[in-house]
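Taking it in order: structure first as structure tokens, then the write-up.
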Amino acid sequence: MSAVRTLRIAAIVESASLALLFANLLTVHARPLSGLLGPLHGTAYLVVIAATWMLPSTASPGVRWRAVVPGVGGLLVLREVGRDPARSAPARGE
């Protein structure tokens with residue numbers, strides 16, 4: 001699986017899990033749901049950071065640091081990578 005695809009999946013999971021955590025907090029606050037979504041969100045957050053740092057196209061200043069923004073960092077990086085078609089092309093050997 002390419003790093004861009006991994007980043008895309010992790011960014012969606014990270015954002016969706018954060019939205020569900022907030023929705024749970026504002027409504028019923030079910031502890032089992034928080035116990036499931038919390039680690040899922042944390043794992044997706046770490047995968048976003050790792051996948052971003054693995055992409056050579058994110059080496060420009062500031063792009064890698066956007067990945068550490070909780071909840072939306074992966075989406076910010078994907079937006080930046082998507083601006084230049086050459087950036088999102090897989091490297092040789094992937």
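The values are calculated or read from the model by the stated rules, or taken from the named source; none is laboratory data. Every value quoted in this text rests on a predicted model; they were computed, and no experiment measured them. Because the Cβ atoms are built from the backbone with ideal geometry, glycine has one as well, and the counts that use them run over all protein chains shown. Calculation scope for accessible area: heavy atoms of the full protein, side chains included, ligands and nucleic acids excluded. Shrake-Rupley method; radii C 1.70, N 1.55, O 1.52, S 1.80 Å.
Within the stretch 54-61, at least one residue is assigned to a loop (DSSP other than H, G, I, E, B), surrounded by 13 or more Cβ atoms within 10 Å (Cβ to Cβ) and either in contact with a Ser or Thr (Cβ under 6 Å, 6 or more places away or on another chain) or not hydroxyl-bearing (Ser, Thr, Tyr) (or both).
Pairs are defined by a Cβ separation below 6 Å, a sequence spacing of at least 6 or placement on different chains, a first member in the stretch 25-43 that is closer than 24 Å to Leu7 by Cα, and a second member that is part of a helix (DSSP H, G or I) and open to solvent by 80 Å² or more (accessible area, probe 1.4 Å); the pairs so defined are Leu37/Leu20.
Could you list, in sequence order, all residues of the stretch 29-53 that are more than 15 Å from Val69 (Cα to Cα), open to solvent by 60 Å² or more (accessible area, probe 1.4 Å) and at pLDDT 95 or above? Steps first, answer last, please.
The initial filter retains those residues of the stretch 29-53 that are more than 15 Å from Val69 (Cα to Cα), namely 29-40.
From the residues that got through so far, the ones that are open to solvent by 60 Å² or more (accessible area, probe 1.4 Å) too are 29, 31-33, 36, 39-40.
Of everything in the stretch 29-53, those that are more than 15 Å from Val69 (Cα to Cα), open to solvent by 60 Å² or more (accessible area, probe 1.4 Å) and at pLDDT 95 or above turn out to be Arg31, Pro32, Leu33, Leu36, Pro39, Leu40.
All of (1) touching a helix residue (DSSP H, G or I) at 6+ places or on another chain (Cβ under 9 Å); (2) closer than 17 Å to Arg79 by Cβ hold for Val47 with one exception: (2). Each residue in the stretch 7-20 was checked for being over 15 Å from Leu76 (Cα atoms) and open to solvent by 40 Å² or more (accessible area, probe 1.4 Å), and 3 of them qualify.
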